[in-house]
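Just below is one structure, and these are the notes that go with it.
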Amino acid sequence: EAQVTQNPRYLITVTGKKLTVTCSQNMNHEYMSWYRQDPGLGLRQIYYSMNVEVTDKGDVPEGYKVSRKEKRNFPLILESPSPNQTSLYFCASSKSSLNIQYFGAGTRLSVL
Amino acid sequence: RKEVEQDPGPFNVPEGATVAFNCTYSNSASQSFFWYRQDCRKEPKLLMSVYSSGNEDGRFTAQLNRASQYISLLIRDSKLSDSATYLCVVSSFNKFYFGSGTKLNVKP
């Protein structure tokens, strides 16, 4: 079954404690992306990757890091989380930046 | 100015009604256009891609007007199961931009 898998689904952490949210896709897609969704603001792109070892900033990259060492995986790293990063996060993949995106089920993050 | 703007609604309509949503985008060089559906903060799911020639999928019709930079979605014969938030999505220069969504409530 074609899917995008992200983990964990729920996470409560404290300010400053590094965390990683994993994302994996089994569709051999080249384009992957991370979004955060906040009430009234819609989904905003954090980082995206056009291919292995190619990543670039989206609209809200501050406080986040990503890596793309393999085609299927695109982890999101918060080196020092802060309360304003409390949000709902989605990973997505697509064949390219012009094609349909498929989303993971989301990660609800709370930073205390 | 936001890249993509939508009326947040909510649109409250009775079953069987026809409802239309519009969405405007700011970048005239935008390349791809989509409507997604999102239920209760679950993951967005593709409803349909939008083409300049217009496209239809059952009760759903999407239109793109490049000259005026807007995208529309028409839902005919609304069902209770159509209740959701509809997201307009635009692709420009390798990035995806989402509208904040239009909430639809279909009532018996």
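Since every read-out is calculated from the coordinates, none of them should be taken as a lab result. All values derive from a computational prediction rather than experimental measurement. We place every Cβ from the backbone using ideal geometry, glycine too, and count neighbours over all the protein chains shown.
Here are some notes:
- Every condition in (1) out of contact with any Lys or Arg (no Cβ under 8 Å at 6 or more places or on another chain); (2) within 14 Å of another protein chain (Cβ to nearest Cβ); (3) not hydroxyl-bearing (Ser, Thr, Tyr) holds for A:Asn73 except the one numbered (2).
- Search result, residues across the range B:86-107 that are over 9 Å from the mean Cα position of the chain (by Cα), of a type in the set (S, T, N, Q) and not in a loop (DSSP other than H, G, I, E, B): B:Ser91, B:Ser92, B:Asn105
- Given (1) away from chain A (no Cβ under 14 Å); (2) under 11 Å from the mean Cα position of the chain (by Cα), number of the condition B:Asn12 does not satisfy: (2)
- Being within 11 Å of chain B (Cβ to nearest Cβ), of a type in the set (Phe, Trp, Tyr), touching a residue at least 24 places away in the same chain (Cβ under 8 Å) and over 24 Å from B:Thr102 (Cβ atoms) is a property that A:Tyr31 has.
- Just so you know, in the range A:32-54 the residues that are part of a strand (DSSP E or B) and over 12 Å from the mean Cα position of the chain (by Cα) include one that is farthest from B:Pro44 (Cα to Cα), and it is A:Val54.
- The range A:78-112 - residue that is of a type in the set (Val, Ile, Thr) and not in a strand (DSSP E or B) and, of those, farthest from A:Ser49 (Cα to Cα): A:Thr86
- Residue in the range B:17-28 that is in contact (Cβ under 8 Å) with a residue 60 or more places away in the chain and under 29 Å from A:Val54 (Cβ atoms) present: yes
- Residue within the range A:6-20 that is more than 10 Å from chain B (Cβ to nearest Cβ), among the small types (Gly, Ala, Ser) and more than 11 Å from A:Phe74 (Cα to Cα) present: yes
- Residues of the range B:84-108 that turn out to be of a type in the set (S, T, N, Q), more than 10 Å from every other protein chain (Cβ to nearest Cβ) and buried (at least 19 other Cβ atoms within 10 Å of the Cβ), as a count: 1
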